[in-house]
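What follows is one structure encoded as structure tokens, with my remarks underneath.
The values are calculated or read from the model by the stated rules, or taken from the named source; none is laboratory data. Since the model is a prediction, treat every value here as computed from it, not as a measurement. With ideal geometry, Cβ positions are generated from the backbone for all residues, glycine too; neighbour counts draw on all protein chains shown.
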Amino acid sequence: MKYYPVFLNLKDKKTAVIGGGRVAERKARTLIKAGAAVKIISPSLTHNLKTLSEKGKLSHIKRSYKRVDVNKAFLVIAATSSPQTNTKVARDAEFLINVIDKPSEGNFIAPSIVRSGSLTIAISTEGASPAISKAIRKEIENLYCKEFALYLKFVESIRKTAIKKIADHKKRERFLKSLASEEIFSALRNKGFNAVSKKISAALESEIQG
């Protein structure tokens, strides 16, 4: 295994994206969604990055890269069109660095991601084939559709109720385990969230009373 899989809490963490093109835009958007404090260093920006800057979603330094730009940055993305600049950024970065055109110069890579509500699935081929990562992502997106996002939110509430109201430990564990069964997953895909939630709510009520 070349890379250690991990999910980072980037809330308010200082991050720097060097570059202002489409790849930089994609990286910046993901960082913003994760709650990071994003700074873009580039002489120019895509239209969408300009809009994000104007809305205060990120800060923009309008010039070419300087060493000071990555000082104390928790995470850095080198996303310029210049391999030489990207290499310099990689050497200057103190902590986490991703180099878009040459991943081996950095210390982490960004996987393909499937998101469905609070469910996040990361896919990586360790750089062997980004195209295969994307193909697998599309397959997984079909398997874990929006019904699963609704279901996860529902289960969060059901689980709290079960822990509080099902006194018998074995019964409680059996019920909680049933929430992640193949039967439930199949029903979500074939019958939808509403049918599944009604069935589980009835089962929970039965366990509480019985």
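Enumerate the pairs (first residue in the stretch 8-30 and closer than 18 Å to A93 by Cα; second residue anywhere and among the small types (G, A, S) and assigned to a helix (DSSP H, G or I)) with beta-carbon separation below 8 Å, excluding pairs fewer than 6 apart on the same chain, so at least 6 apart or on different chains.
V17/A24; V17/A28; I18/A24
Taking the stretch 63-101, which residues are in a loop (DSSP other than H, G, I, E, B), aliphatic (A, V, I, L, M) and touching a Leu at 6+ places or on another chain (Cβ under 9 Å)?
If the condition is that a residue be in a loop (DSSP other than H, G, I, E, B), aliphatic (A, V, I, L, M) and touching a Leu at 6+ places or on another chain (Cβ under 9 Å), then A73, A93 are the ones that fit.
Of the residues N71, N48, which single one is more than 17 Å from G20 (Cβ to Cβ) and without any contact (Cβ under 8 Å) to a residue 24 or more places away in the chain? Let's see the steps before the verdict.
On the way: N48 fails: more than 17 Å from G20 (Cβ to Cβ).
Of N71, N48, the one residue that is more than 17 Å from G20 (Cβ to Cβ) and without any contact (Cβ under 8 Å) to a residue 24 or more places away in the chain is N71.
Residues of the stretch 32-46 being in a loop (DSSP other than H, G, I, E, B), under 19 Å from the mean Cα position of the chain (by Cα) and either surrounded by fewer than 17 Cβ atoms within 10 Å (Cβ to Cβ) or not assigned by TED's automatic domain parsing to the domain that holds L96 (or both), which ones?
Once the filter is applied, which keeps residues that are in a loop (DSSP other than H, G, I, E, B), under 19 Å from the mean Cα position of the chain (by Cα) and either surrounded by fewer than 17 Cβ atoms within 10 Å (Cβ to Cβ) or not assigned by TED's automatic domain parsing to the domain that holds L96 (or both), the stretch 32-46 yields A34, G35.
S104 - would you say it is within 30 Å of I208 (Cα to Cα) and surrounded by fewer than 13 Cβ atoms within 10 Å (Cβ to Cβ)?
Answer is no for this residue.
When only residues in the stretch 47-89 that are surrounded by fewer than 21 Cβ atoms within 10 Å (Cβ to Cβ) and small (G, A, S) count, which is nearest to T15 (Cα to Cα)?
S59
Report, by residue number, each residue of the stretch 47-62 that is over 22 Å from G106 (Cβ atoms) and assigned to a strand (DSSP E or B).
The answer is S59, H60.
Among the residues of the stretch 15-28, is there at least one that is under 27 Å from A122 (Cβ atoms), surrounded by fewer than 21 Cβ atoms within 10 Å (Cβ to Cβ) and among the hydroxyl-bearing types (S, T, Y)?
no
Scan the stretch 64-119 for residues that are farther than 30 Å from N142 by Cβ, at pLDDT below 95 and basic (K, R) and jot them down.
Selection gives K72, K102.
Would you check which residues across the stretch 90-101 are over 18 Å from K66 (Cβ atoms) and buried (at least 17 other Cβ atoms within 10 Å of the Cβ) and list them?
Residues satisfying the conditions are L96, N98, I100.
Considering only residues of the stretch 140-177 that are touching a helix residue (DSSP H, G or I) at 6+ places or on another chain (Cβ under 7 Å) and of a type in the set (S, T, Y), which is surrounded by the most Cβ atoms within 10 Å (Cβ to Cβ)?
The selected residue is Y151.
Can you tell me which residue within the stretch 186-210, out of those that are outside any helix (DSSP H, G or I) and free of Cβ contacts under 8 Å to residues at least 12 places away in the same chain, is nearest to R172 (Cα to Cα)?
This residue is G210.
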